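Student: This is the structure I have questions about; it appears just below.
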Amino acid sequence: MISCNRSNKMKRALRTSAYRTLLAACGVAVLLGGCSSGGNTDVRSLLAIGRLAFAPPQRVTIKQAAAIPYATIGVRIGGGAQAIATLATDDGAIRLWASGQDVMIAIAKGGQIQRTVGLAHNLSWLMPAGRQDAFLSAPSGRRRSVWSADFADLAVYSATIQCDEILSANVQIRTLGNLVATRRTTVRCVAPQLNWSFQNTYWTDPQTGQVWRSIQHIHPKMAPLEVETLRPPS
């Protein structure tokens, strides 16, 4: 019989190994000009993306977003400048977005950030724990979700995070000059093991489930990430 500690170590090792393989494969493809939402990125486009990822404007302009013919998101930490990330891989459940050659963000189709690489503090892994009530797609009513999170830099693994929807409203938001009808969902989360509580917000298309914008806390030592969909995957 395998002990619980050994079993947890094995699970963490498998997660890390699988994701490192994915990142390594994508990294090689990026360098060769073949890792993109369309599968045929050229070197010139990649260089343009790299420049835009570190552009000084607080928010990405319509001209900058239009210059990249691939699925893109805008990412900013706290009140910092917005960087562009492009879709690197999509396995049907999780989309991996890359900004430059160092930063990668894995986002579930429901909009939840599940892993980051290359930031000052990273979310090593976030997985659903037990039954999820899918509050992001629910038309009304309070919903709850429970997650298991790993933070390698804190040596904390399988920390339980419990989230409850506390407020929803139909609102319009402006994205690259366009007004988009969304349902704003505010979610309060608690991680007792880390003595950490926070609040996330999601702006979701009530018809398609597309998350147009979100503000999510991913690490106790870092300001929240704001993710904005600039060009959604086709």
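The values are calculated or read from the model by the stated rules, or taken from the named source; none is laboratory data. Because the structure is predicted, anything quoted here is derived from the model rather than measured. Positions of Cβ are backbone-derived with ideal geometry, glycine not excepted, and every protein chain shown enters the neighbour counts. With ligands, DNA and RNA removed, areas are computed over all heavy atoms of the protein, side chains included. Shrake-Rupley method; radii C 1.70, N 1.55, O 1.52, S 1.80 Å.
Student: Report the label-to-label distance for SER148 and ILE166 in nanometres (one decimal), using points 7 Å from each Cα along the Cα→Cβ vector.
Tutor: Output for this residue pair reads 2.7 nm.
Student: Also, quick follow-up: With every protein chain left in place and a probe of 1.4 Å, what is the accessible surface of ARG143, to the nearest 10 Å²?
Tutor: Surface accessible to solvent at ARG143 totals approximately 70 Å².
Student: Ignoring ligands, DNA and RNA, how do HIS219, HIS121 rank by accessible area with a 1.4 Å probe, largest first?
Tutor: Largest to smallest exposure gives the sequence HIS121, HIS219.
Student: If amide hydrogens are placed 1.01 Å from N in the peptide plane, which non-local residues have theirs closer than 5 Å to the one on GLN210?
Tutor: ASP205
Student: Please work out the C-alpha center-to-center distance from region 104-120 to region 141-155 and express it in whole Å.
Tutor: Centre-to-centre distance over Cα atoms comes out at 13 Å.
Student: Full extension from GLN210 to ALA155: what is 0.36 nm times the residue separation minus their Cα-Cα distance, to one decimal in nm?
Tutor: Value of the extension gain: 16.4 nm.
Student: Rounded to whole Hz and in sequence order, give me ³J(HN,Hα) for region 203-219 from the Karplus expression 6.51 cos²θ - 1.76 cosθ + 1.60, θ = phi - 60°, writing x for Gly and Pro.
Tutor: Per-residue couplings from phi come out as 10, 10, 5, x, 8, 9, x, 5, 8, 7, 7, 8, 10, 10, 8, 10, 7 Hz.
Student: Let me ask something else. To the nearest 10 square angstrom, what accessible area does SER158 show with a 1.4 Å probe?
Tutor: Per-residue accessible area (SER158): approximately 50 Å².
Student: Sticking with this structure for a sec: Over the heavy atoms of TRP203, what accessible area does a 1.4 Å probe trace out, to the nearest 10 Å²?
Tutor: 40 Å²
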